[in-house]
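Okay, structure first, notes after.
The values are calculated or read from the model by the stated rules, or taken from the named source; none is laboratory data. On a predicted model such as this, the values are computed, not experimentally measured, just so you know. Cβ: placed from backbone, ideal geometry, glycine included. Neighbour counts: every protein chain shown. In case anyone asks, the SASA skips ligands and DNA or RNA and just uses the protein heavy atoms, side chains included. Shrake-Rupley method; radii C 1.70, N 1.55, O 1.52, S 1.80 Å.
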Amino acid sequence: MGIITIATDFGTADGYTAAMKGVIKSIAPDAELIDVTDDLSGVLKASIVLLRYYSHFPPGTVHLVVVDPTVGSGRRAVIGAGESLLFVGPDNGLFSHIMEDRPHSKWWSIETEKLPPRKISSTFHGRDIFAPAAALLASGRSPEELGEPIDDPCRFEIPRPKIEGNVITGQIIDIDKFGNLITNINQDMLTGKPSILLEEKEKIPLVDSFSNVPKDAPLAYIGSLGFLEIAVNLGRADSHFNAERGRKVIVKL
Amino acid sequence: MGIITIATDFGTADGYTAAMKGVIKSIAPDAELIDVTDDLSGVLKASIVLLRYYSHFPPGTVHLVVVDPTVGSGRRAVIGAGESLLFVGPDNGLFSHIMEDRPHSKWWSIETEKLPPRKISSTFHGRDIFAPAAALLASGRSPEELGEPIDDPCRFEIPRPKIEGNVITGQIIDIDKFGNLITNINQDMLTGKPSILLEEKEKIPLVDSFSNVPKDAPLAYIGSLGFLEIAVNLGRADSHFNAERGRKVIVKL
Amino acid sequence: MGIITIATDFGTADGYTAAMKGVIKSIAPDAELIDVTDDLSGVLKASIVLLRYYSHFPPGTVHLVVVDPTVGSGRRAVIGAGESLLFVGPDNGLFSHIMEDRPHSKWWSIETEKLPPRKISSTFHGRDIFAPAAALLASGRSPEELGEPIDDPCRFEIPRPKIEGNVITGQIIDIDKFGNLITNINQDMLTGKPSILLEEKEKIPLVDSFSNVPKDAPLAYIGSLGFLEIAVNLGRADSHFNAERGRKVIVKL
């Protein structure tokens, strides 16, 4: 019996995620629930956050993700399968980074008539569609039993760095709780002793970790996702650089 | 061995709820702990939040709820049983909506001498009384073994809508994280093509879901609890309407 | 198979703690994960928060704590063992109160080559070192198998009250979510009918619990940790007294 991880933007204070947990435990009593977060902020951020944890879980894990601003519209509900890991959520771009990371993943549109009979609200598919689907998958049902294959799951374009000669132009794709700036520049792109610049202006030393520079000094390093990151030792890079998502990061090899 | 859900107003940063979890696992090693929230804001709100999740859990689930501003006073500690679900918490009105929803529920006052011997602090009954009681219930002990039956559990009056002719006057009873306004007007009360008004002023269209109106436009709909709700598509109804709990909502049938 | 409690300062919104959970479940599929918090604020606060919950868990429990501002520096990773409970985290003072509370605890420096082979990032030892170590301990591996014994784990000095004649001078060591002030004055030090003063100025009645004084009145009481605490009934003592950590509390016996 499998693990179901749960990530939402519901907060915890209203009991929405708890309702989903109850539905899951009623359908799949032996499923193990693992809380990820109820504080996702938007579909794009959620897509990146998934990258941080999904692949660390054992085969068969079902990753349930609900950030669903267009619930009740025509958007589909989807199941994805990529190398023995499963995904369930709204078809609104949430899984874009997963599709990038698992190019051979397959996707299905959930058919609600294949779920246990239940009145489906127009505003809470987390409880009424996604939780039952995740519970059934964790119980061993296959995606084929719950939906129809699709080849056009919603996927937003993921910004890729441009490489021109010995210059890589990437951007900040995420800012974490500590104010660290995560770029889309992969460690494999870096060779030799590159120069790191934030918008042509600030030259930042590339080092191993925070403590390689003095307190309050900026640094660049290979982050835990394998991307180039920019931080301030014992401080916040987002406020230090007044940085925001989308800002250019330039690497001169 | 049963599930214990845990909802408190302790926050997570101080370790109070973790102490409760330790006590439970020491008494009932096989109990499965399900986190609901540590961010309940007040007894009234907690009572409504319970409605969102309690009934979705399988029979035998113990719902442990601790919002306990009068801990250490004479207020009783209670166990409730309603159609195979169990409740544990302070007797301060927390379970008012449950009593409304499960009119045949039965209640007991916990007798601390029937719990495992333990020094009982005067300020943390969550750890010293409610957690042990929940652990024992999840282990199969009956409410009768832990307390004395009572017929006067604390219950605050739940506002009900007034129906006069073809006019229903209800009110906002909850505002969720998204700023959606939950009213006390049940879907069963609505017939035909009703007009929805917020304090006689704002006429709001009754539709199926958010996407039935343009972005930033208000809508009324049957929410996931079965009550009439008011929202703003991709926006916040609480700030749009400057709304607060208790404000009048009028339906003309 | 044991319990692993998890406490961090990662927040939940970025998925860092979820990555740790995935690593643990991949190494120790049967380990039971118990969330404590992702909102620890600093090493000192974390050390005190541990006191609130660690001892309530059953023997064999592994307490994993990650507040790690100097990750990637030379600071060691440690395992502690104290009377059948285990601790895993960075060697930065996090376990100072545990060492005080369990004077016979033993400590080991984790040797990463004794962990399952894995690329170790320079900034996320929670995922790459602490989670694997906790998983192995919960699977029954001993600290000796994972590290080398040390006799100098990092330990900051814990402020102790001064006792001069019949006057105890202590201080506020923690302020909780409710604004209650936790002092370092142990209940065993109090005899007779002591007078409690905050910085010589405010005399505060020592009572059993909140409701022994009127609403909005201050009180002193023995808190759930066994220390003298100061609160305001149905209010906040931190704002009432404009109090902060380190402020003097005087008891005249």
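When A:GLU164, B:GLU100 are compared by accessible area of protein heavy atoms, the largest-first order is A:GLU164, B:GLU100, using a 1.4 Å probe.
Surface composition of the stretch C:51-133: carbon and sulfur make up 54 percent of the accessible area, probe 1.4 Å. Seen against the Cα atoms of chain C and their longest principal axis, helix C:43-53 is set at about 80 degrees.
For the stretch B:53-115, the square roots of the Cα gyration tensor eigenvalues, ordered a ≥ b ≥ c, give a/c of at least 1.5 with a/b greater than b/c, which places it in the prolate category. Counting only heavy atoms of the protein chains and using a 1.4 Å probe, B:TYR16 has close to 20 Å² of accessible surface. The contact between chain B and chain C removes approximately 2300 Å² from the accessible area (both sides summed; 1.4 Å probe; ligands, DNA and RNA excluded).
Give me the one-decimal Kirkwood hydrodynamic radius in Å for the stretch C:104-164, with the sum taken over alpha-carbon pairs.
13.7
Taken over chain C, the percentage of Cα pairs per 5 Å bin, counting from 0 up to the bin with the maximum distance, is 1, 6, 13, 16, 16, 13, 10, 9, 7, 5, 2, 1, 0.
Per residue of chain C, the DSSP helices (runs of n ≥ 4 H) give a summed -39500 (n - 2.57) that works out to -4500 deg cm²/dmol at 222 nm. Kirkwood radius, the stretch B:4-141, all distinct C-alpha pairs, inverse of mean reciprocal distance: 14.7 Å. For the residue pairs A:LYS119/B:LYS248; C:LYS25/C:LYS114; B:LYS193/B:LYS248, the alpha carbons lie more than 23 Å apart in A:LYS119/B:LYS248. Each Lys or Arg adds one and each Asp or Glu subtracts one; over the other residues with Cβ under 15 Å from the Cβ of C:ILE3, this totals -3. Given a cut-off of under 8 Å on Cα pairs at least six residues apart, what relative contact order in percent is computed for chain A? Rounded, it is 17 percent for chain A. With every protein chain in place and a 1.4 angstrom probe, the accessible-area ranking of C:MET20, A:MET189, largest first, reads A:MET189, C:MET20.
Ligands, DNA and RNA aside, A:ILE3 has an accessible area near 20 Å² when probed at 1.4 Å. Loop-resident trypsin sites (Lys or Arg not before Pro) (DSSP state other than H, G, I, E or B) in the stretch B:83-187 with no more than 10 further Cβ atoms inside 10 Å of their Cβ: B:LYS119. In terms of Cα atoms, the Rg and Dmax of the protein assembly as shown work out to 27.0, 81 Å.
By its C-alpha gyration tensor, with a ≥ b ≥ c as the square roots of the eigenvalues, how is the stretch C:109-253 shaped: rounded for a/c under 1.5, else prolate for a/b larger than b/c, else oblate?
Prolate, because a/c is 1.5 or more and a/b exceeds b/c.
Expressed in units of 2.2 N^0.38 Å, where N is the residue count, the Cα radius of gyration of the stretch A:176-253 is 0.97. Placing unit charges on each Cβ (+1 for Lys and Arg, -1 for Asp and Glu) gives chain B a dipole about its Cα centre, and among B:SER224, B:LEU206, B:TRP108 the Cα reaching farthest toward its positive end belongs to B:LEU206. Charges were assigned to the Cβ only: +1 to each Lys and Arg, -1 to each Asp and Glu. The resulting dipole of the protein assembly as shown about its Cα centre is roughly 780 debye. Rounded, prolate or oblate: which fits the stretch C:1-75, taking a ≥ b ≥ c as square roots of the Cα gyration tensor eigenvalues, rounded meaning a/c under 1.5, else prolate when a/b beats b/c? It comes out oblate by the Cα gyration axes.
The charge dipole of chain A, taken about the Cα centre with unit charges on the Cβ atoms of Lys, Arg (+1) and Asp, Glu (-1), comes to about 320 debye, rounded to the nearest 20. Residues B:SER26, B:SER209, A:SER239, sorted by accessible area with the largest first, give A:SER239, B:SER26, B:SER209 [1.4 Å probe; ligands and nucleic acids excluded].
Computed with every protein chain present, the accessible area of A:ARG52 is close to 10 Å² [probe 1.4 Å].
Per residue, the solvent-accessible area of the protein assembly as shown (1.4 Å probe, heavy atoms of protein chains only, all protein chains present) comes to 39 Å².
Projecting the Cα atoms of B:VAL49, C:ILE129, C:LEU64 onto the charge dipole of the protein assembly as shown, computed from C-beta unit charges around the Cα centre, puts B:VAL49 farthest toward the positive end.
Over what distance in Å are the Cα centres of the stretch C:212-237 and the stretch B:5-79 separated? The stretch C:212-237 and the stretch B:5-79 have Cα centres separated by 22 Å.
Rounded to the nearest 20, the size of the Cβ-charge dipole of the stretch A:99-164 about its Cα centre is 300 debye, with Lys and Arg at +1 and Asp and Glu at -1.
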